[in-house]
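The values are calculated or read from the model by the stated rules, or taken from the named source; none is laboratory data. Only a predicted model underlies this, so the values are computations on that prediction, with no experimental measurement involved. Reconstructed Cβ throughout: ideal geometry from the backbone, glycine too, with neighbour counts over all protein chains shown.
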């Protein structure tokens with residue numbers, strides 16, 4: 001059974017934070033708080049020097065019925081209360097392979113990378129939801145270790161936990177972790193045509209198939225054809241899942 005200390009890998013133990021390092025953080029939480037006010041997603045900041053949470057937003061998705069302050073005070077103990085046991089092992093695995101990966105990246109590029117993965121949260125009433133977490137470095141110390149990281153939580157569009165990916169900003173490829181083979185694989189990102197993006201954007205506004213067909217001057221069957229292609233590309237079963245996937249993965 002993992003413990004809190006297991007989540008703070010020796011690969012990313014942050015002990016040396018210089019005065020110059022600390023100058024980076026002056027008022028840095030203000031734009032994060034502003035972003036939290038205008039998004040439904042939950043946001044929190046991990047401090048690897050203090051081995052806890054520095055900030056937790058009020059957005060309820062991540063809180064499991066607690067206040068933001070209560071979750072902040074619990075820190076990593078929160079996971080042990082509200083992540084299902086099988087997914088705790090998954091989180092520890094993700095933590096270890098993620099830091100191993102970051103060690104191979106040139107220090108000057110480390111802030112360009114984001115790790116994404118899915119796990120189950122159980123709230124106070126026992127209800128379980130699958131969430132997606134994206135974690136990206138905010139600040140590195142002078143040794144190139146991740147000092148503070150920004151985490152963003154949203155509902156997952158996947159069917160099961162895992163789905164560990166590392167993405168580089170501006171790249172058309174990402175790294176997918178193969179749990180069975182215990183290795184990373186390079187994967188091309190899904191690409192949608194302009195017509196498919198157009199149909200998805202109309203769908204996000206609640207337009208029906210008939211309304212979309214009328215708006216873009218095509219037949220209803222053509223809209224249905226493009227929606228089927230979207231579902232196949234994204235590996236989803238319906239338009240709600242397609243919108244969630246496309247939004248979470250910045251395809252629209």
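Can you tell me which residue among 50, 24 is under 20 Å from residue 143 (Cβ atoms), assigned by TED's automatic domain parsing to the domain that holds residue 86 and at pLDDT 80 or above?
50
Among all residue pairs at least 6 apart or on different chains, which show Cβ distances below 7 Å where the first residue, located in segment 108-135, is on the phi > 0 side of the Ramachandran plot and the second is surrounded by 15 or more Cβ atoms within 10 Å (Cβ to Cβ)?
Qualifying pairs under 7 Å: none.
Within segment 100-139, work out how many residues are farther than 21 Å from residue 159 by Cβ and over 16 Å from the mean Cα position of the chain (by Cα).
Going through segment 100-139, the residues farther than 21 Å from residue 159 by Cβ turn out to be 100-114, 124-125, 135-139.
Pick out the ones that are also over 16 Å from the mean Cα position of the chain (by Cα) and you get 100-110, 124-125, 139.
Count: 14.
Any idea how many residues of segment 163-175 are exposed (fewer than 15 other Cβ atoms within 10 Å of the Cβ) and modelled with pLDDT of 85 or more?
Residues meeting the conditions: 2.
Go through (1) assigned by TED's automatic domain parsing to the domain that holds residue 87; (2) modelled with pLDDT of 90 or more; (3) surrounded by 12 or more Cβ atoms within 10 Å (Cβ to Cβ) and name the single condition residue 209 misses.
If we test residue 209 against (1) assigned by TED's automatic domain parsing to the domain that holds residue 87; (2) modelled with pLDDT of 90 or more; (3) surrounded by 12 or more Cβ atoms within 10 Å (Cβ to Cβ), just (1) comes out false.
Do we have residue 126 as assigned to a loop (DSSP other than H, G, I, E, B), more than 15 Å from residue 98 (Cβ to Cβ) and touching a helix residue (DSSP H, G or I) at 6+ places or on another chain (Cβ under 8 Å) here?
So residue 126 does not fit the description; no.
Of all residues in segment 46-75, which are closer than 19 Å to residue 88 by Cα and under 17 Å from the mean Cα position of the chain (by Cα)?
Correct list: 46, 53, 61, 62, 63.
Please specify each residue of segment 227-243 satisfying the condition of being surrounded by fewer than 19 Cβ atoms within 10 Å (Cβ to Cβ) and either in contact with a strand residue (DSSP E or B) (Cβ under 9 Å, 6 or more places away or on another chain) or not in a loop (DSSP other than H, G, I, E, B) (or both).
228, 229, 231, 232, 233, 239, 240, 241
I'd like to verify a number: residues in segment 6-28 that are in a helix (DSSP H, G or I) and either under 19 Å from the mean Cα position of the chain (by Cα) or buried (at least 17 other Cβ atoms within 10 Å of the Cβ) (or both), how many?
Qualifying residue count for the region: 3.
Residues that are without any contact (Cβ under 8 Å) to a residue 12 or more places away in the chain: find the strands (runs of 3 or more DSSP E) completely inside segment 137-222 holding 2 or more of those. Even if it seems obvious, please write down each step before you answer.
Values: elements: 146-155, 162-168, 173-178, 183-188.
Once the strands (runs of 3 or more DSSP E) in segment 137-222 are filtered for at least 2 residues that are without any contact (Cβ under 8 Å) to a residue 12 or more places away in the chain, what remains is 183-188.
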